[in-house]
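The values are calculated or read from the model by the stated rules, or taken from the named source; none is laboratory data. A quick note: this is a predicted structure, and the numbers were derived from the prediction, not measured. With ideal geometry, Cβ positions are generated from the backbone for all residues, glycine too; neighbour counts draw on all protein chains shown. In case anyone asks, the SASA skips ligands and DNA or RNA and just uses the protein heavy atoms, side chains included. Shrake-Rupley method; radii C 1.70, N 1.55, O 1.52, S 1.80 Å.
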Amino acid sequence: MANTLKIRTFEEYQEKYQQSIENPEKFWGEIAEEFQWMKKWERVLDWNFDEPKLEWFKGAKLNITENALDRHLETRGNKLALIWEPNDPKERFVRYTYRELHDKVCQLANALKEMGVKKGDRVCIYLPMIPELAISLLACARIGAIHSVIFAGFSSSSIMDRVNDAQAKMVITADGLYRGAKQIPLKRVVDEALENCPSVEKVIVYNRLNWEPNMVAGRDFKWEEVVDYQSKSCPAEPMDAEDPLYILYTSGSTGKPKGVVHTCGGYMVGTAYTFLNVFQYEESDVYWCTADIGWVTGHSYIVYGPLLTGATTVMFEGIPTYPDPGRFWQIIDKYGVNQFLTAPTAIRSLMAHGENHVLAYSLDSLKVIGSVGEPINDEAWKWYHLHVGKERCAVVDNWWQTETGAVMISGLGNISPMKPTYAGYPLPGVQPVLLNQEGQEIQESDVEGYLCMKAPWPSMLRTTWGDHERCKNTYFSNYKGYYFSGDGAKRDKNGMYRIIGRVDDVINVSGHRFGTAEIENAINTNDNVVESAVVGYPHPVKGQSIYAFVICESEIEDEALMRGAIIESVAREIGRIAIPEKIQFVSGLPKTRSGKIMRRILRKIAEDEIASIGDTSTLLDPQIVDELIAGKL
Ligand code: WT7
């Protein structure tokens, strides 16, 4: 992508921002010109937030992989596209040039075609952080199949829900994965899910652990047997700009995760433009994002954004503390990483291990260090800036969401002002507002409000899979004429934004997003459980942790046993990543006379903010609050 798209000074940012607001169609149209289209658009933007109707580059034809791979072959064919660092530092790393990555993607794309996958079919991907994961996304995109990646920490029951919702035709998985010192099965989990997934016809299984997993004849195929002999060229399927590129399931305030749908054209333009500018990527830089491709950060900022920009992107299979808490810093020195992006939870966990692990490495190559996924507290920001960035690197705090597809509010490398705990200014084309309870725009500074958007941006979600009404109700109905993010935020007198956190029933644990209702449903699958209520509370490393108040049917004889059973049910229904840290058994919950649980009170108890519980007189049974406080864990 041409460097003409790069903003180089703060003044230039201000100018560009102004232009993007005054004439969004002209602004994004010019950016889109830098990409390769098979057919040009008839119109840059057509929208309303009522239906909502969100169309970018309508009428245009493209294939995102042609832009992420083929387009670079002439000038960057021998440039490294992907560097893969394994879980075990003693295992050999893998490097693919743009040419090699192109070939790998085409081979898998050909295999998918041969196995009956067609444009518009859904392919579910449940893989470890290995190169084949990135290759799988791109191979689907190559032939116009819609990928739906499921993070490899989710349970078989979660896979089943997602596969069935999307009616996926194929699953790509592996025997298992390495995670630090552990080996975790994947194929077994998939097998269990597929007992109840009639839409799945075929499964491709990659061999990562040499486990020789169970293979169902006629359904399951070994990766090497269906992929390795394929041709290294595969024509890129012409896609409408508004054809779906992928589905990614995310949690909200209802019990069932929804499939956020991103489309080809706008997502391409949005992820590439933000990648280039947020990280101020230069042609010879090495960029590394530690996220998992199972989440949106990995989709947009390990795979699509960097590759669309012709960047060298690093992918890491392991965890920050294996074999020791210096692992991140060792990898940065090993590859000379210039831009590094991680989550506050990782920073806080490494902080807790002491700075000696960081001080052992030079980290000289770093220019920009990023934080993403949850609010970063002052202490973690400063530690990151001092010990990792050596007070020399720009810290960029990227605010965005699965639904926004690309970064919305953030610093731009070293060109914009930094302020600890503030994400900063909106990117060009992004029009945030803060709304009060009544839905009016707040003009003052240093006041908290609901963070909303008053205009569309190219990479935004278009719908929720199979249920457009749900998309409308979740994001476009709370405040008419606005997209509602679910976050609370504050704006200072200079216009910089600070994200406070979710204002809905969504909990962010170590950057992983869960709905309270989803966890309650899982807990309630226990025969002995009558009712439960789940809230988040602040946790020094995870950001937030999960607190469950549970009413059981009969007297509990062994609390530890019952806790274990509840934990198992959450692990089974969602995955171990969602298990509650605290489970308090109670005889009742604070409810209004109409039967609504007063979560505010539960949150205050879980947060240890007993003094600010406030008025409880409207409760059906105010005494229950005393019981809850007395039994607090
Ligand atoms: C929610 C979105 C960003 C993509 C990965 C997570 C929180 C995200 C920040 C940030 C404060 C943040 C918000 C948001 N969040 N980034 N820089 N500062 N909060 O995507 O799983 O869709 O979660 O994560 O609460 O709504 P996600």
Worksheet, complete the sentence: Checked the stretch 331-388 for anything touching a helix residue (DSSP H, G or I) at 6+ places or on another chain (Cβ under 9 Å) and aromatic (Phe, Trp, Tyr); matches are Phe340, Tyr361, Trp381, Trp383, Tyr384
Worksheet entry | Condition check for Asp292: of a type outside the set (Gly, Ala, Ser) and away from the ligand (no atom under 12 Å from the Cβ) | no
Item to complete: Determine, yes or no, whether Lys454 is closer than 29 Å to Pro538 by Cβ, away from the ligand (no atom under 16 Å from the Cβ) and modelled with pLDDT of 95 or more.
Response: no
Worksheet, complete the sentence: Cβ pairs under 7 Å, 6+ apart or interchain, first in the stretch 376-405 and under 15 Å from Leu341 (Cβ atoms) and among the hydroxyl-bearing types (Ser, Thr, Tyr), second modelled with pLDDT of 95 or more and assigned to a loop (DSSP other than H, G, I, E, B), ordered by first then second residue, are none
Fill in: Flag for Glu573 being of a type in the set (Asp, Glu), in contact with a helix residue (DSSP H, G or I) (Cβ under 7 Å, 6 or more places away or on another chain) and at negative phi
yes
Item to complete: Looking for whichever is of a type in the set (D, E, K, R) and within 13 Å of the ligand (Cβ to nearest atom) here; the options are Asp467, Asp504, Asp492. Which one fits?
Response: Asp504
Item to complete: Tell me which residues, restricted to the stretch 162-177, are touching a strand residue (DSSP E or B) at 6+ places or on another chain (Cβ under 8 Å) and either in a strand (DSSP E or B) or more than 17 Å from Tyr246 (Cβ to Cβ) (or both).
Response: Met170, Val171, Ile172, Thr173, Ala174, Asp175, Gly176, Leu177
Worksheet item: Can you name the residue in the stretch 529-556 that is in contact (Cβ under 8 Å) with a residue 40 or more places away in the chain and outside any strand (DSSP E or B) and is also nearest to the chain's Cα centre (by Cα) among such residues?
Response: Lys542
Discussion item. Just to be sure before I move on: is Thr97 at pLDDT 95 or above and open to solvent by 40 Å² or more (accessible area, probe 1.4 Å) in the structure I sent?
Written reply: no
Fill in: Tabulated pairs, the stretch 48-60, first part of a strand (DSSP E or B), second small (Gly, Ala, Ser) and open to solvent by less than 40 Å² (accessible area, probe 1.4 Å), C-beta under 7 angstrom, 6+ apart or interchain
Trp56/Ala241; Trp56/Gly265; Trp56/Gly266; Phe57/Ala32; Phe57/Ala241; Phe57/Gly265; Phe57/Gly266; Lys58/Ala241
Fill in: Criterion (of a type in the set (Phe, Trp, Tyr), within 28 Å of Ile146 (Cβ to Cβ) and either without any contact (Cβ under 8 Å) to a residue 24 or more places away in the chain or away from the ligand (no atom under 12 Å from the Cβ) (or both)) met by exactly one of Phe476, Phe484
Phe476
Fill in: Those residues of the stretch 226-258 which are polar (S, T, N, Q), outside any strand (DSSP E or B) and open to solvent by less than 30 Å² (accessible area, probe 1.4 Å), in sequence order
Gln230, Ser251
Item to complete: Name the single residue, out of those in the stretch 165-209 being among the hydroxyl-bearing types (Ser, Thr, Tyr) and open to solvent by 10 Å² or more (accessible area, probe 1.4 Å), that is nearest to Thr464 (Cα to Cα).
Response: Ser199
Item to complete: Scan the stretch 14-23 and give yes if some residue there is surrounded by 19 or more Cβ atoms within 10 Å (Cβ to Cβ) and within 18 Å of Ala455 (Cα to Cα), otherwise no.
Response: yes
